[in-house]
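These notes concern the structure reproduced below.
The values are calculated or read from the model by the stated rules, or taken from the named source; none is laboratory data. Values in this document were obtained by computation on a predicted structure and should not be read as measured data. Neighbour counts run over all protein chains shown; Cβ positions are idealised from the backbone, glycine included. Surface areas here come from the heavy atoms of the whole protein model, side chains and all, with no ligands, DNA or RNA. Shrake-Rupley method; radii C 1.70, N 1.55, O 1.52, S 1.80 Å.
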Amino acid sequence: MTTLLLLPGDGIGPEVTDQARRVLERLAPEIAIETRAFGGISYETLGTPLADETRDLALKCDAALMGAVGGPQWAGVARHLRPEAGLLGLRSAMGVFANLRPALCFPALADASTLKPEVVRGLDIMIVRELTGGVYFGQPRGIETLADGRRRGVDTQVYDTTEIERVSRVAFNLARNRRNKVTSCEKSNVMETGLLWREVVTALHAREFADVGLEHMLADNAAMQLVKNPRQFDVILTDNLFGDLLSDEAAQLTGSLGMLPSAALGVDGAPGLYEPIHGSAPDIAGQGLANPLGAILSLAMALRWSLKRASLADTLEAAVAAALTGGARTRDLGGTLTTAQMGDAVLAAL
Ligand code: NAD
């Protein structure tokens, strides 16, 4: 039996994943849904942001769909018990090293971007960010006090060839089913890891993906090009740190944070972790104001990449586009629909 693990999490997480659940029950009632507490709510009820049973279930299911975790009420909790620690622990247990973040501008929303509509209309970029290595994980790290009383903070940016190759393979394979172009972004002009990144991507391309177009771009230039001429990009391949920044920048091109899905994938056949890119939005939680489309489009990605129902993913993405074209808008998109009413609009379009 195919199983989806639903991890609603905190803040608006339960509200938006509830709409995704309704959609899945309509689209594919044969897929079983298991729901578990995760993040801050799990810490409150189970004493840990990620229970062992939840982690084991995530490894056994076909895909996990998460809402969001975190909130100001857990700011004072020990770092290893914070909601974010649960998320990092889950990503690492699932071995999801490739983060796919599409930046897609729905035609009906071209006017919602802060950029001119003619710059973003038809935009369709896929950012592939390395997710389990680099400066967020490298050792040594920490803050120490020196003999003279000054404090010193250290983070270490580190990558090896295996880490670079496996995420690059994901990017090249994706490009083959899109517009066949990969732009690899690093800082090879000033960083050793950037230099290695460029060498490894170049060699892999020559060995296995010579049919795919490859260009290298310094990450700072990519940040500029994303606002100047975003449609030049098809697949952007980059490391954890630069991917964090470039994908948030690309998100803004498309209008609202509430619209955007993401996938985190590991080796072929292993379950993927899917989540909207937004956080728990404590400022609007519990009020029915959240846009559920990021969560619903994350479900579409899960249907495509893990649940082996690509045609249902197409159907769902078309239904979201149709709902938007029909004028469905939550408040972040300038409308008045509640979270559940936006879910209704997608179900009606289905
Ligand atoms: P956020 O994404 O939660 O919110 C930023 C702004 O966007 C807020 O004004 C919010 O109301 C709005 N927004 C977000 N999602 C929306 C939606 N679906 N519909 C309408 N408006 C939406 O980011 P933040 O405020 O920086 O972080 C809040 C909390 O979320 C923090 O605790 C942070 O650590 C956590 N967070 C979690 C994740 C995750 O679970 N993957 C990601 C980012 C932030």
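Using a 1.4 angstrom probe on the protein heavy atoms only, line up 325, 54 by accessible area, largest first.
In descending accessible area the options line up as 325, 54.
Inverting the mean 1/r over all pairs of different Cα atoms, compute the Kirkwood radius of the range 218-321 and quote it in Å.
Computed over the range 218-321, the radius equals 15.3 Å.
What percentage of the solvent-accessible surface of the range 115-237, computed with a 1.4 Å probe over protein heavy atoms, is contributed by carbon and sulfur atoms?
Here carbon and sulfur together make up 52 percent of the probe-accessible area.
Once phi is turned into θ = phi - 60°, what whole-Hz ³J(HN,Hα) does the Karplus curve with 6.51, -1.76 and 1.60 give for every residue of the range 141-151, x standing for Gly and Pro?
Whole-Hz 3J(HN,Hα) from phi for the range 141-151: 8, x, 10, 10, 9, 7, 4, 8, x, 5, 9.
Using the Cα atoms of the chain to build a convex hull, what is its mean projected area in square nanometres?
Orientation-averaged projected area of the Cα hull: 18.5 nm².
What is the sum of charges around residue 311, taking Lys and Arg as +1, Asp and Glu as -1, for the other residues whose C-beta is under 14 Å from the C-beta of residue 311?
+1
Please report the spacing between the Cα centers of the range 248-307 and the range 1-53 in Å, no decimals.
14
Report, to two decimal places, the Cα Rg of the range 102-265 normalised by 2.2 N^0.38 Å (N = number of residues).
It is 1.14.
Using the alpha-carbon centroid of each, what span in Å lies between the range 74-111 and the range 144-223?
Spelled out, the Cα-based centre of one part sits 20 Å from the other.
With the contact rule set at Cα under 8 Å and sequence spacing of 6 or more, what percent relative contact order holds for the chain?
For the chain, the relative contact order is 22 percent.
Using Cα pairs closer than 8 Å and at least 6 residues apart in sequence, work out the relative contact order for the range 102-265, in percent.
35
So for the chain: antiparallel DSSP bridges make up what percent, rounded to the nearest 5?
Once the DSSP bridges in the chain are tallied, antiparallel ones form about 40 percent.
Among bridges DSSP assigns within the range 102-265, what percent are antiparallel (round to 5)?
35
With a probe of 1.4 Å, find how much accessible area the chain has per residue, and write the answer as a whole number in Å².
Result: 43 Å² of accessible area for each residue.
Normalise the Cα radius of gyration of the range 1-148 by 2.2 N^0.38 Å (N = residues in it) and let me know the number.
With N residues counted in the range 1-148, Rg over 2.2 N^0.38 Å equals 1.28.
How much net charge surrounds residue 98 when only the other residues with a Cβ under 13 Å from the Cβ of residue 98 are counted, with Lys and Arg +1 and Asp and Glu -1?
0
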